[in-house]
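Read through the structure below, which is laid out as structure tokens, and then see the notes.
No lab work stands behind these numbers, since they all come straight from the coordinates. Note that the structure is a prediction, hence the values are computed from the model and not measured. Using ideal geometry, Cβ is built from the backbone for each residue, glycine included, and neighbour counts are taken over all protein chains shown.
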Amino acid sequence: MTGIQRDITIGSCRLILGEMGGCFAKDAYDNSGELFDMVEWADMAPLIYGVLSDDADAIIMASDREEGAARAAFDAAGFGFHRLLVWDKITATPNRWYMPNCEFGLYLYKGRARRITDCSSKALIRCPQQDVSHLYLGADVPPDQRRPHATEKPVALMAHWMGNSTDPGDLVIDPFMGSGSTIVAAARTGRAAIGIEKDPKWFDVACARVAEAAERNQMEMPVSAPVSAQQEALAL
Ligand SMILES: C[S@@+](CC[C@H](N)C(=O)[O-])C[C@H]1O[C@@H](n2cnc3c(N)ncnc32)[C@H](O)[C@@H]1O
């Protein structure tokens, strides 16, 4: 499957069912994108670089084993490297070679580097992993498959990084949307967003989560309130 299979707009968020390589292809965006069956770091990095604006930040999630290869690929694509952000997930699974209890976010920039919004933010953030994605699975998903997305991220973590790297009203993109945590964070913090996911099961989950977030915003936000006041009213 390549290109765009479904294209849904919920509030200021656009959710696309399709493969990231196809969605970023030349006829859709002005870059040198190609279609990939398997997206390697070296393949995705130039595509992502091509669609970002000239002063954009990018945060690339990677495990300790993947971080080196990811950093080399995004460096080669032209990104500047700011820092390695650490997500302390608090929980950990038993392992023979130490329990992995954190993930990394390569904090990168394109072009002119912007300052983060809250300069008192630390590079290490403790944020519990709170899987909710399986609660949004369709009724057609059999009981033995009703598990959370394997790499679901907490909305609060996405909102924290997004709040530091963007302003309200900016456009955020997650080309590997999964269960939609990034897009939910965008909806809840007043950012526009584009999410791309190739698996219909998780695309549907993302749509349901974003629709719920948009509905909640409508209930909670006075229509005429300025964006900053609206954000203060949101409990992430
Ligand atoms: C690491 S997960 C993202 C999880 C997400 N951050 C969340 O909170 O649920 C990566 C997702 O990218 C999707 N994916 C992999 N290759 C893709 C491609 N070429 N285009 C679009 N989505 C892709 C996978 O199906 C998977 O759901």
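Think of the chain as having a plus end and a minus end, set by charges on the Cβ of Lys, Arg, Asp and Glu; of Ala208, Tyr109, Gly21, Tyr109 sits farthest toward the positive end of this dipole. Mean separation of Cα pairs under 8 Å and 6 or more residues apart, divided by the residue count, gives the chain a relative contact order of 20 percent. Residues of segment 132-170 with an amide N closer than 18 Å to a point placed 7 Å from the Cα of Ile90 along the Cα-to-Cβ direction: 132-133, 152-161. Database remark: amide H of Gln129 closer than 5 angstrom to the amide H of Thr91 (H placed geometrically; neighbours at sequence offset of 5 or more, or on other chains; Pro and chain starts carry no H).
Reported to the nearest whole Å, the Cα centre-to-centre distance from segment 90-119 to segment 146-173 is 13.
Beta bridges per DSSP, both residues in the chain: antiparallel share near 60 percent. Per-residue Cβ neighbour counts within 10 Å put Lys153, Lys201, Lys122 in the sequence Lys122, Lys201, Lys153, beginning with the fewest. Where only DSSP H runs of four or more residues are counted, the chain gives -9000 deg cm²/dmol as its mean residue ellipticity at 222 nm, each run worth -39500 (n - 2.57).
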